[in-house]
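Take a look at the structure below.
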Amino acid sequence: MSQGTVKLIIESGIATITFFHPQSNSLPGSLLQQLAKEIESAGKNKDVRVIILKSEGEKAFCAGASFDELVSIKNTDEGKLFFSGFAAVINAMRKAPKFIIARIHGKAVGGGVGLACAADYTLAHDSASVKLSELAVGIGPFVVGPAVERKIGNSNFSALSINATEWQSAEWAKEKGMYANVYSSTSELDEAVSSLANKLAKSNPEAMALLKKVFWNNTDHWDQLLQERAELSGQLVTSDFTRNAIEKFKAGAR
């Protein structure tokens, strides 16, 4: 099975980072590390003014953690290493001194919700419903939790985490502040993303970098926090309960 791809294209001050995996854009560890690397690279590139994060395909934006990789984890160290990939991506998005626009064209699950929330401005298709399914497979949204809670508040984060098998609509996500806007067609979504990115590419980069620091105030401790959360997930993923739950989940619809 392909481990997926991550592509970075820079044009007219806009860095477009696109990821893909044949299993509903799920995220194995190698893809997470590549994604973090490209986000960090774009953030440091002086020719980049704004970053667009998107995925390929017409269905799911991101199905979250790779179940195949989750069931292959043999011990807590391997588990921590895998979930550290999500920590690396979220921290790269947080630290990049450029605004990140997320294009959410379809459903977002687990880590995909984390990406949508870690972006600075998120635009979505009206089919882009969301679900934090981690508890349903015996884990919990520990690593993505701080990003989700920061964006939609503790109450809504708690509701998503507890009701782990239910989808919430794109309109729900917009009402809670996860999505800035929702569009009824892909062409409208693409036009909105492109329009905003082009406006930001002509804006003062120093002002945007300072604003980004303001937006992410009081998150400097996330380097340590997300690693601690990765360790929690790494411990849980090796339990018999979680292994059995993942196998059952794989057998049905995600």
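Readers should treat all values here as calculations from the given coordinates under stated rules, not as data from a laboratory. All values derive from a computational prediction rather than experimental measurement. No Cβ is skipped: glycine too gets one built from the backbone with ideal geometry, and neighbour counts run over all protein chains shown.
Given R0 = 45 Å, the distance between the Cβ atoms of D220 and E191 translates into a calculated FRET efficiency of 0.80.
Among the GluC sites (Glu not before Pro) in the stretch 48-132, those located in a DSSP loop and surrounded by at most 10 other Cβ atoms within 10 Å of their own Cβ are E58.
GNM on the chain, alpha-carbon springs under 10 angstrom: the most fluctuating residue among F20, F157, F215 is F215. Mean-square fluctuations from a GNM of the chain, with a 10 angstrom spring cutoff on Cα atoms, peak among N244, N181, N218 at N218. Here each label is just a point 7 Å from Cα along the line to Cβ, and for D126 and N181 those points are 1.5 nm apart. Once you reduce the stretch 1-58 and the stretch 122-161 to the center of their Cα atoms, the two points are 21 Å from each other.
Loop-resident GluC sites (Glu not before Pro) (DSSP state other than H, G, I, E or B) in the stretch 153-254 with no more than 14 further Cβ atoms inside 10 Å of their Cβ: E166. Sparse packing (at most 12 other Cβ atoms within 10 Å of the Cβ) combined with a DSSP loop state is found for none of the chymotrypsin sites (Phe, Trp or Tyr not before Pro) in the stretch 59-134.
Here the calculated FRET efficiency for K46 and Q227, from their Cβ-Cβ distance with R0 = 30 Å, stands at 0.50, rounded to the nearest 0.05.
Extension gain, T238-T165: 0.36 nm per intervening residue step, less the Cα-Cα distance, totals 24.1 nm. Entry note, the chain: the mean residue ellipticity at 222 nm calculated from DSSP H runs of n ≥ 4, each adding -39500 (n - 2.57), is -15500 deg cm²/dmol after division by the residues and rounding to the nearest 500.
Close Lys pairs in the stretch 1-82, defined as Cα atoms under 17 Å apart and 8 or more places apart or on different chains, number 5. Considering all different alpha carbon pairs of the chain, the Kirkwood hydrodynamic radius works out to 18.0 Å. Lysine pair count for the stretch 139-215 with Cα-Cα distance under 22 Å and sequence separation of 8 or more or different chains is 10. Taking the chain as a Gaussian network of alpha-carbon nodes connected by springs under 10 Å, the highest mean-square fluctuation of the residues S158, S187, S66 belongs to S187. Charged side chains reduced to their Cβ positions (Lys and Arg at +1, Asp and Glu at -1) give the chain a dipole of some 380 debye around its Cα centre.
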